[in-house]
Amino acid sequence: MQKTSRKLKRGEEGEQLVSLTLDKDSSFHRLINNLVLLGDNNVSHQIDHILIRENGIFVIETKNHFGRITGLEDDSYWKKTYPYKGRVKTETFHNPLKQNQSHIRIIKRTLGKDYPIYCFVVFVRSNVDELDLFNVCGPNDILKRINLITSERPLSKEVIESIYQT
């Protein structure tokens, strides 16, 4: 039980750090943190962050894993490798990009309109250098990468507010 509560606390701390980083966005935006939506068969989806701004809706999953993270965009599972009691330990975890894609599907269904929606994963410990994926980064890079995205259909302040209220 204690190990689980430590993991939860670490996860919450990571989400808080990313939330503070996202809220520093200098553009007009709305930020939603820790949103729970019901999906198919009443399965709940806990979404860490949704950043709504002129260039789109950004659905952001936060991870606070120790060690070196490896995996491919289409892999079902990724690996984390870290030193443990004098040896190297490897654990697998669900690919967070795939997890986030399910969140995006539920958001699209909730909004009922076609808006530009983008998937990002932030690893709080910035330990994802080997992944080489544009939409997976550390907290210091998330706003830089979001700012690189341009939209053919920019969202107005009124539309941003409407999405936020929905």
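The values are calculated or read from the model by the stated rules, or taken from the named source; none is laboratory data. Because the structure is predicted, anything quoted here is derived from the model rather than measured. We place every Cβ from the backbone using ideal geometry, glycine too, and count neighbours over all the protein chains shown. For the accessible areas, the whole protein counts, side chains as well, though only heavy atoms, and no ligand, DNA or RNA atoms are used. Shrake-Rupley method; radii C 1.70, N 1.55, O 1.52, S 1.80 Å.
Yes or no: Lys89 basic (Lys, Arg), over 16 Å from the mean Cα position of the chain (by Cα) and surrounded by fewer than 17 Cβ atoms within 10 Å (Cβ to Cβ)? It is true that Lys89 is basic (Lys, Arg), over 16 Å from the mean Cα position of the chain (by Cα) and surrounded by fewer than 17 Cβ atoms within 10 Å (Cβ to Cβ).
Just one of the listed residues (Tyr118, Tyr164) is closer than 20 Å to Leu22 by Cα, open to solvent by 30 Å² or more (accessible area, probe 1.4 Å) and touching a helix residue (DSSP H, G or I) at 6+ places or on another chain (Cβ under 9 Å), and it is Tyr118.
Is there a residue being of a type in the set (Gly, Ala, Ser) and assigned to a loop (DSSP other than H, G, I, E, B) anywhere in segment 26-35? Taking every residue of segment 26-35 in turn, at least one turns out to be of a type in the set (Gly, Ala, Ser) and assigned to a loop (DSSP other than H, G, I, E, B).
State whether the residues of segment 119-134 include one that is of a type in the set (Ser, Thr, Tyr), at pLDDT below 95 and more than 22 Å from Glu12 (Cβ to Cβ). There is no residue in segment 119-134 that is of a type in the set (Ser, Thr, Tyr), at pLDDT below 95 and more than 22 Å from Glu12 (Cβ to Cβ). Every condition in (1) modelled with pLDDT of 95 or more; (2) surrounded by 14 or more Cβ atoms within 10 Å (Cβ to Cβ); (3) over 16 Å from Gly138 (Cβ atoms) holds for Pro96 except the one numbered (3). When we screen Lys113, Lys144 for residues that are closer than 18 Å to Ser26 by Cβ, out of contact with any Phe, Trp or Tyr (no Cβ under 6 Å at 6 or more places or on another chain) and open to solvent by 50 Å² or more (accessible area, probe 1.4 Å), the only hit is Lys144. From the set of residues in segment 132-141 that are out of contact with any Ser or Thr (no Cβ under 7 Å at 6 or more places or on another chain) and within 21 Å of Asp75 (Cα to Cα), which is most open to solvent (accessible area, probe 1.4 Å)? Here the answer is Asp132. Among the criteria (1) open to solvent by 80 Å² or more (accessible area, probe 1.4 Å); (2) not in a loop (DSSP other than H, G, I, E, B), the one Leu51 does not fulfil is (1). Does Lys144 satisfy being of a type outside the set (Asp, Glu), under 23 Å from Leu20 (Cα atoms) and without any contact (Cβ under 8 Å) to a residue 12 or more places away in the chain? Yes, satisfied. Starting from segment 104-130, take each residue that is over 23 Å from Ser44 (Cα atoms) and without any contact (Cβ under 8 Å) to a residue 40 or more places away in the chain and list its partners that are open to solvent by 70 Å² or more (accessible area, probe 1.4 Å) and in a loop (DSSP other than H, G, I, E, B), counting only C-beta distances under 7 angstrom and pairs at least six apart or across chains. If the second residue must be open to solvent by 70 Å² or more (accessible area, probe 1.4 Å) and in a loop (DSSP other than H, G, I, E, B), the pairs left are Ser126/Asn140. Collect the residues in segment 68-85 that are of a type in the set (Phe, Trp, Tyr) and either open to solvent by less than 70 Å² (accessible area, probe 1.4 Å) or closer than 12 Å to Phe123 by Cβ (or both), keeping them in residue-number order. If the condition is that a residue be of a type in the set (Phe, Trp, Tyr) and either open to solvent by less than 70 Å² (accessible area, probe 1.4 Å) or closer than 12 Å to Phe123 by Cβ (or both), then Trp78, Tyr82 are the ones that fit.
All of Ser44, Ser27, Ser76 fail the test of being at pLDDT 95 or above and among the small types (Gly, Ala, Ser), apart from Ser76. So, in segment 54-67, how many residues would count as being surrounded by 21 or more Cβ atoms within 10 Å (Cβ to Cβ) and charged (D, E, K, R)? Residues flagged as surrounded by 21 or more Cβ atoms within 10 Å (Cβ to Cβ) and charged (D, E, K, R) within segment 54-67 amount to 2.
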